[in-house]
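Working notes, structure below.
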Amino acid sequence: MASIIDTIKAKIDVVEEIGLVVALQKSGRSFKGLCPFHNERTPSFHVFAESQTWHCFGCNEGGDVFTFVQKQQGLEFRDALAYLAEKAGVSIEDNGTRNPEEEREASAIKERLRKLNEDALLWFHQMLLRAKDATEARAYIQSRGISSDSVIAFGLGYAPNQGNALSSFLLGRGYAEYELVNGGLARTREGAGNTGGVGSVEGTGEASGGVYDYFRQRIIFPIRDTRGRVIGFGGRALGDGQPKYLNSPQTVLFEKNSVLYALDLAKDAIKLAKQAIIVEGYVDAIIAHQHGTRQTVACIGSAITEKHIQQLKKLTKQVTLALDPDAAGVTATEHGIQEALKAFDRSVVPVPLAADEHRTGTRKEGKRNEPRGMIRLEEQVDAEINVLQLPPGQDPDEVIRQDFSLWSYAVAHPIALVDYYFVAKTANLDLRQPGGKTEAARRLLPVIAMISDRVKRDAYIRKLATMIAVDERSLHDELRRVLRKQANPAVIAVFSDPMGPRSIQGTLGRQRPITKEDGREDAIEPAEPAKEKSNREEQEQQIYALDRNWQSRLQWEDYLIGLLLQNPGLSQYVCGIINDGDFAGTDTRELYRILNSVYQRGSSPLHQSFEQYVPSALLATIARARESVESKSSLSGTSLVKDAMQCATRLKRIRLLQLNTELRYLMSEANEAGDAESMRQFQQQLLAIHRQLRTIDSAMHLHG
Ligand SMILES: [Zn+2]
């Protein structure tokens with residue numbers, strides 16, 4: 001039985017789908033175009049019709065039609081599935097663990113709630129534009145410099161001070177009281193006849209039964225999801241009303257801690273600007289948009305959560321925090337940064353232990369102390385998080401209105417996170433006193449340790465040394481201690497195989513860690529012995545051979561997912577070897593991603609309930625994955641770890657071989673076209689892939 005995903009893939013051609021947004025040019029059996037995910041002048045973005053996959057050899061993004069839609073439109077897998085299913089005319093019942101009927105009911109409720117929100121929005125908006133008693137509201141909006149275009153674009157509204165004006169209107173339109181309450185637009189009156197805080201209700205002469213309005217005497221900011229649908233409201237009190245800001249309560253549509261205000265209007269600009277700016281307030285966001293800084297969103301509620309960042313990182317790798325710079329703000333910003341760091345993808349690179357040692361004389365000691373046969377897997381935060389520097393005490397909207405050049409300069413020149421930390425973390429210290437120096441080092445070394453680029457790390461050590469006037473070398477010693485202690489970002493992989501340690505240590509000890517820069521740095525390396533005079537047919541045969549390997553690859557993916565489902569702890573060993581992009585199966589890739597995010601959140605509700613995190617289209621895959629593990633004899637302890645790592649390595653290897661084949665194919669085409677520049681680039685990438693393959697092969701004794 002074909003899965004929904006397979007059915008969709010059979011109906012939607014990846015070339016056609018990508019062709020809608022990328023101008024593709026046929027080139028032999030593949031297609032090429034300018035990559036939509038990075039800036040380039042010559043095309044390195046390729047779509048392969050046979051395998052229905054795409055890959056950019058410039059930024060190394062790739063995948064299938066699902067990956068493309070997710071990345072290009074900034075969608076969750078679930079939403080990409082819905083989008084593609086609709087396009088393919090396939091019906092999906094994405095119901096988690098619910099049955100289809102319950103699901104239909106749930107989606108009907110949501111649909112009704114959206115309608116309710118739309119109606120409320122129109123009403124609030126009309127109130128702001130027309131109501132007599134909205135004078136104060138209109139004056140406030142004007143005083144904050146919000147233009148009438150922005151009032152319309154953001155759908156701003158006004159909730160009057162009567163107790164039940166909106167409720168009466170909505171009840172009149174046929175909504176039930178419980179719907180208003182569930183939708184977060186009204187509250188239930190306490191006890192019949194108790195009109196305590198809503199005395200004015202009586203004066204309206206309209207019966208609104210047992211409910212009264214949730215928002216009263218407030219400016220209303222409609223909150224929309226990424227697709228622009230109203231999911232809730234934020235209300236700012238006029239006058240001395242408390243609380244100053246009141247947001248919709250949690251509803252089936254509105255999840256406070258994950259929504260970013262104005263993301264629907266900002267998402268295209270974020271992709272274009274390759275930057276997302278997070279501000280604190282609704283008005284900050286509106287004013288930023290109004291003045292052309294449309295890559296701005298506001299976080300709703302007091303803190304940036306991982307969920308906020310999850311959404312942004314699909315659009316950009318650069319997140320700029322423009323939060324309140326005063327003292328309280330510094331803590332909030334710092335918290336935001338921690339969250340941001342947690343959420344960004346971490347590419348984990350194997351680092352030989354020896355490389356950890358610095359030229360400060362402890363080399364031998366270090367080697368003796370480290371257990372043999374281990375690889376340290378070092379995490380890198382795969383994103384640029386920086387901070388906007390604004391004049392103290394001024395909110396972004398004030399800065400924008402008073403001195404736009406100051407704002408745009410700050411936006412274009414945000415300061416690096418680490419530099420920000422240098423200021424923020426030492427603001428209350430006396431760096432001339434020994435105590436202050438020690439404390440500064442204690443606070444800043446863990447930050448410096450987060451930097452994966454050793455050159456940068458050394459530069460910051462130098463900066464710290466100068467700042468607190470201590471010897472650089474002692475800071476290096478201290479940094480090493482910090483690095484060693486950081487159990488979390490570093491993962492120790494133990495190979496139980498007695499043959500393993502020697503060869504791993506031996507090989508990796510000589511080689512440098514695999515990093516993204518390697519492809520460029522090593523360009524001068526002598527070329528791989530290119531003895532194979534590869535002709536075109538041979539290349540094509542290889543592609544077909546890969547097709548034949550497809551099934552076995554998918555089986556390994558099932559097996560790995562099965563292992564991880566059974567033992568969530570294994571994910572720390574596996575994540576250093578492969579990432580979700582290495583998966584060939586759309587379903588296994590998404591499951592791997594979910595597994596990792598659940599594991600990283602630290603919760604391990606993986607026993608019976610993992611299924612509830614997963615779109616129902618993937619449930620069959622879970623069952624298959626569990627089965628594939630159960631059919632094998634059960635392993636435990638180190639052999640289980642080894643099994644999982646071998647499986648992951650095998651998959652990584654297959655992935656690299658696939659890239660290898662694709663590259664060779666493209667090279668032969670470039671060769672025929674006499675395109676020397678492309679040849680040279682492909683050759684370099686080929687070398688990088690070969691290096692990775694060699695590392696893998698010698699590490700795991702996999703041959704052939
Ligand atoms: Zn690219």
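Each reported figure results from applying straightforward, stated rules to the coordinates on display, with no laboratory input. Here the structure is a predicted model, which means the values were calculated and not measured. Counting neighbours? That spans all protein chains shown, and the Cβs are built from the backbone with ideal geometry, glycine included.
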Global size of the range 42-182 as Cα Rg and Dmax, reported in angstrom:
22.9, 65
Rounded to the nearest 0.05, what FRET efficiency is calculated for Arg442 and Gln250 with R0 set to 45 Å and r the Cβ-Cβ distance?
0.70
As an exercise, use a Förster radius of 45 Å and the Cβ-Cβ distance of Gln555 and Ala416 to find the FRET efficiency, rounded to the nearest 0.05.
0.50
Subtract the Cα-Cα distance of Leu431 and Arg114 from 0.36 nm times their separation in residues, and report this length gain in nm to one decimal.
108.5 nm
So if I take the centroid of the Cα atoms in the range 398-425 and the same for the range 53-80, what is the distance between those two points in Å?
32 Å
Per-residue Cβ contact counts at 10 Å, fewest first, order Tyr261, Tyr613 as Tyr613, Tyr261
Inter-site label distance for Glu472 and Arg680 at 7 Å from Cα along Cβ, in nm:
3.5 nm
Place a +1 charge on the Cβ of each Lys and Arg in the range 42-156 and a -1 charge on the Cβ of each Asp and Glu, then give the dipole magnitude about the Cα centre in debye, rounded to the nearest 20.
600 debye
Would you mind computing, in nm to one decimal, how far apart the modelled labels at Lys317 and Ala106 are, each placed 7 Å from Cα along Cα→Cβ?
3.6 nm
Going by how many other Cβ atoms sit within 10 Å of their own, how do Phe215, Phe404 line up, fewest first?
Phe404, Phe215
How would you rank Ser248, Ser552, going from fewest to most other Cβ atoms within 10 Å of each one's own Cβ?
Ser552, Ser248
Length gained when the stretch Asp268-Ser405 is fully extended (0.36 nm per residue, less Cα-Cα span):
47.0 nm
FRET efficiency estimate (nearest 0.05) - Cβ-Cβ, Asp133 to Leu20, R0 51 angstrom
0.55
With just the Cα atoms defining each centre, how far is the range 4-26 from the range 242-272? Give it in Å.
32 Å
Lys and Arg at +1, Asp and Glu at -1: add these up for the other residues within a Cβ distance under 13 Å of Leu238 and post the number.
+3
